[in-house]
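Just below is one structure, and these are the notes that go with it.
The values are calculated or read from the model by the stated rules, or taken from the named source; none is laboratory data. These numbers come from a predicted model, not from an experiment. So basically every Cβ, Gly included, is an ideal-geometry build from the backbone, and we count neighbours across all protein chains shown.
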Amino acid sequence: MTPDSPLKQMKVGPCRPKDLPALRKLLNEVFVQEREVTGDIFEYAPLMYTPENAENLRIVRHRGRIVGHAGILPRTIRWRGQTLRAGFVGGVCCRQSMRGRGVGTLAMRDAADHMARLGLDFGVLWTGSPGFYERLGWRTGGGLTRVSIAEAAGESPVVREIMPIDESPFGPDACHRLHEAAGRNEVIRTQEETATLLTTYYRGATLALEGGRPDGYFAHRDTDLGEIEGDAPTCIALLARAAEEGYRACPFPLHDPRLPAITEALPVQVTVQPLGMLLITGRESLVARICAESGASPEELGIGEDVSIEVLTARIFGQPDREPTDDPLPLDIHIGYLDRV
């Protein structure tokens, strides 16, 4: 590398609160203007882009100008009896004029090092271009089910009173109680997280009522549902209403037991896709927490020191094409919503 090479002139490190306006401008240039869409990236992930989280926004500078970024939002995930620490990575980008010079690689390597310094167990991100991240050690893992709703789902065979939450006598706490009672994949939000999610990220929620009491809900953003809760009959009623209102898809946890009844009652298409990409940054602590909860040794669980990172990732988080099992692993967590609250 020559002294005047672009990489030699780059510096990577934390964003400072005073740099947030410049970072916002770069992110909107890359993710909004270049893609000819509307919106503001800071509003898309309101907890990530704050002065309090600036230290975790890793930026690349070239001659004092911000040219790249990889943001981290540390989150606590409550899984069964254990607390896991994850880093949600987003806003990975490079200024258009600097692409092809290693800016993204520099930002992502610094982000991985920073997550390790923070003591996070793993990082997770969503991307349509996995090859770049695979070269940096990230691996596809986990899975969720996407239910595509036909334009005309037909009349629901299930009768429920359905109304927007803001037209009902109930609030986000009613949705939280339904979420908590269901315990999908044994990952539970706090009441505050649910309230934040429904009021800052999703554009609203719709309740299903039975006997005048909340029996289920869906939350929506743009053309898709972000999540749905309720038993199978309630979900059938909600999905039928969602189709009437123009929503086209909804995520479900992998191998969700409600799906057979839903697919029998409604003209929907079900596909399985990866949860995202994962990078284990705290192997020892992650393994220890899983073993503490399961009461088994790393060797018994197939996550001992001798297994490769590929095997470890697949064993802990599973793969989309795996069959359901009563085994304590994979750690089948539907965590897509947690980077929004």
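In table form, for the structure just shown:
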quantity: Whichever residue in segment 244-286 is crowded, with 20+ Cβ neighbours inside 10 Å and in a helix (DSSP H, G or I) and, among such residues, is nearest to the chain's Cα centre (by Cα); calculated: LEU286
quantity: Verdict on HIS114 being over 30 Å from ALA70 (Cα atoms) and not polar (S, T, N, Q); calculated: no
quantity: Hits in segment 124-165 - residues which are over 21 Å from the mean Cα position of the chain (by Cα) and in a loop (DSSP other than H, G, I, E, B); calculated: ARG135, ALA150, GLU151, ALA152, ALA153, GLY154, GLU155, SER156, PRO157, VAL158, VAL159, ARG160
quantity: Meets criteria (under 26 Å from ARG109 (Cα atoms) and not assigned by TED's automatic domain parsing to the domain that holds ASP224) for ILE290; calculated: no
quantity: Residue satisfying condition, being surrounded by fewer than 15 Cβ atoms within 10 Å (Cβ to Cβ), in contact (Cβ under 8 Å) with a residue 12 or more places away in the chain, farther than 26 Å from LEU279 by Cα and not charged (D, E, K, R), within set PRO17, PRO21, PRO46; calculated: PRO17
quantity: Qualifying residues in segment 320-337 (those that are part of a loop (DSSP other than H, G, I, E, B) and either out of contact with any helix residue (DSSP H, G or I) (no Cβ under 9 Å at 6 or more places or on another chain) or modelled with pLDDT of 85 or more (or both)) - the one nearest to LEU279 (Cα to Cα); calculated: PRO320
quantity: Of all residues making up segment 114-141, the number that are of a type in the set (S, T, N, Q) and within 18 Å of SER308 (Cβ to Cβ); calculated: 1
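Okay, residues lined up against (1) among the charged types (D, E, K, R); (2) in contact with a helix residue (DSSP H, G or I) (Cβ under 6 Å, 6 or more places away or on another chain):
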| position | (1), (2) |
| --- | --- |
| PRO21 | no, no |
| LEU26 | no, no |
| THR38 | no, no |
| GLU43 | yes, no |
| MET48 | no, no |
| ILE72 | no, yes |
| THR76 | no, no |
| ALA107 | no, no |
